[in-house]
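Here's the structure, in structure tokens; my notes come after.
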Amino acid sequence: MSAPSYNPDTTDIDRIHSAVKREKDDVAAGQGPAPMWIMFIGMVVAIVAGGQLGPMAGGFSFETSNPFALAKAIDTRPGGGGEGAAMDPFQLAMKKGASAYGVCMGCHQAAGTGVPGTFPPLAGSDWVHGGTERIIRVVLNGLAGPLTINGAPFSNPAGMPAQGALSNKDIAAVITYIRNSWGNEGTMVTEEMVAAIRKKEAARTTQWTMAELEPFAKQNAPGEIPAGPGATAAPAAEAAAPTK
């Protein structure tokens, strides 16, 4: 049996064709990729141009371009820029106080009725209708010992805990809310009033007793009342200077 014939010419041709297939076409002069520095400059120019043309064309606003803008809820929080921003100080205090009252609700109940013999009511309470100095002190430092409110006795061994960790604004709001809910009607309490009493009683670390608070029963914290019941009247506008 004869050995297979070997044709060197055919093998060389196949190798040449394979090498040719692996070669890439020569790039014509002037058609190569742009240098990186040119691409970088182009990006900078595009960004700057966009920043200049945007405002000229009205700019982009997510509020107006947002497809879900109609479903966006109105911010009614005090100072939130929505409906809350249009409220007067009394309305804002009542709104914020209604939320802050959650701290008090466990004892004094949602309707301010309290629990007979243990937690005194806030609705119709002579302590709520009385002077604001007394109730501010109660909230700041708490209240201990037996009490008599509206002629009824109340005895809670733990008493009312101090709420001085709340801000002056929160305390003012919740007292304003209590004094104007469930049939109550009283003057607004401001954060400035609370701050003044807090400063005056800064050294106190214990709860008040009923006897200690008696001197403040009809005493109101000093300060201007901006709105609501008992609002301080604004001074009359000065007359315009006569024109010569």
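The values are calculated or read from the model by the stated rules, or taken from the named source; none is laboratory data. No experiment lies behind these values; they were computed from the predicted model shown. When we count neighbours, we look across all protein chains shown, and the Cβ atoms used for this are built from the backbone with ideal geometry, even at glycine.
Here are some notes:
- Selection status of SER181, among the hydroxyl-bearing types (Ser, Thr, Tyr) and modelled with pLDDT of 95 or more: yes
- Test: residue in the range 113-131 that is touching a helix residue (DSSP H, G or I) at 6+ places or on another chain (Cβ under 8 Å), touching a residue at least 12 places away in the same chain (Cβ under 8 Å) and of a type in the set (D, E, K, R): no
- Top-ranked residue in the range 150-179 [being in a loop (DSSP other than H, G, I, E, B) and within 17 Å of THR205 (Cβ to Cβ); ranked as nearest to the chain's Cα centre (by Cα)]: LEU166
- Hey, ARG204 assigned to a loop (DSSP other than H, G, I, E, B), on the phi < 0 side of the Ramachandran plot and in contact with a helix residue (DSSP H, G or I) (Cβ under 9 Å, 6 or more places away or on another chain) or not: yes
- Selection from the range 132-161 of residues that are crowded, with 17+ Cβ neighbours inside 10 Å and over 15 Å from HIS108 (Cα atoms): THR132, GLU133, ARG134, ILE136, ARG137, LEU140, ASN141, ALA144
- Qualifying residue in the range 129-149 (condition: polar (S, T, N, Q), within 28 Å of GLU192 (Cβ to Cβ) and outside any helix (DSSP H, G or I)): no
- Residue that is on the phi < 0 side of the Ramachandran plot and either of a type in the set (Lys, Arg) or in contact with a helix residue (DSSP H, G or I) (Cβ under 7 Å, 6 or more places away or on another chain) (or both), where the choices are ALA144, ALA195: ALA195
- Matching residues, the range 120-147, being in contact with a Leu (Cβ under 7 Å, 6 or more places away or on another chain) and either hydroxyl-bearing (Ser, Thr, Tyr) or over 16 Å from ILE171 (Cβ atoms) (or both): PRO120
- Considering ALA231, ALA217, ALA195, the condition of being crowded, with 17+ Cβ neighbours inside 10 Å, hydrophobic (A, V, I, L, M, F, W, C) and in contact (Cβ under 8 Å) with a residue 12 or more places away in the chain is satisfied by ALA195 alone.
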